[in-house]
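The values are calculated or read from the model by the stated rules, or taken from the named source; none is laboratory data. Source: prediction; values computed, not measured. We place every Cβ from the backbone using ideal geometry, glycine too, and count neighbours over all the protein chains shown. Quick note on the areas: whole protein, heavy atoms, side chains included, nothing else; ligands and nucleic acids left out. Shrake-Rupley method; radii C 1.70, N 1.55, O 1.52, S 1.80 Å.
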Amino acid sequence: MKTAKDIALIGVFTAMLIGGQLVLSGIAGVEVVTVLLLAFSYYFGIIRGLFVANVFSILRCFIFGFFPTVIILYLVYYNLFVIVFGLMGKRFKKELNLKIHIIIVLAAVFMTVFFTVLDDIISPLYYGLSLDATKAYAIASLTAVVPQVICTLVTVLLLLPVLIRVFSIMKIN
């Protein structure tokens, strides 16, 4: 990080992620963390994105509780998430035309499914679940992943162009 602007940007954006997660936490499968962190990482890059992802992953625990599997999941997943979309932002030079938008939407949907798959691996391993219990855990997670995928599809499709435009107006590089 180079400046106080970077620190402020990371702090404000982390607060937005936590606030967005808190506000929508009562509605299963509905969230804005994906589109917000995706847009941030795409536009502001990997380094800033990693700071936001890690600070978010830890600070959210003060509201939602310190659950080891969730902390592990968030730290692994959101760092990979930031790298994927930060690299895409670099590759596409922060541009967002129709083709790039479709690629990003598909990548976001894939990452949303990957989040659930990763949870289906981490939690059973952490808790030492049997193979049958692991299968039951994975099947039960399907009720969460379907609305999450729909939410990701809709929010990234509709909100990503708006967020990228807002970031470009902010003139922070």
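Summary table below
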| read-out | value |
| --- | --- |
| Rounded accessible area per residue of the chain, 1.4 Å, Å² | 53 Å² |
| Relative frequency of Cα-Cα separations exceeding 19 Å in the range 1-106, percent | 45 percent |
| Cα-based Lys pair tally, the chain, threshold under 22 Å, eight or more apart or on separate chains | 12 |
| Rounded to whole Å, sorted largest first: equivalent-ellipsoid semi-axes of the range 103-173, Cα gyration tensor | 34, 13, 8 |
| Cβ-based charge dipole, the chain, positive-most Cα from 115, 98, 139 | 98 |
| The range 64-148: radius of gyration over Cα atoms, expressed as a fraction of 2.2 N^0.38 Å | 1.31 |
| Estimated FRET transfer efficiency (residue 92, residue 5; beta-carbon r; R0 25 Å; 0.05) | 0.55 |
| Gained length - residue 61 relative to residue 117, 0.36 nm times residue gap less alpha-carbon distance | 18.0 nm |
| Carbon + sulfur, % of accessible area of the chain - ligands and nucleic acids excluded, 1.4 Å | 76 percent |
| Order by protection proxy (mean Cβ within 10 Å, highest first), peptides 6-19, 38-51 | 38-51, 6-19 |
| Helix runs (DSSP H) in the chain reaching 20 Å along axis by Cα, Kyte-Doolittle at least 1.6 | 4-24, 98-127, 131-170 |
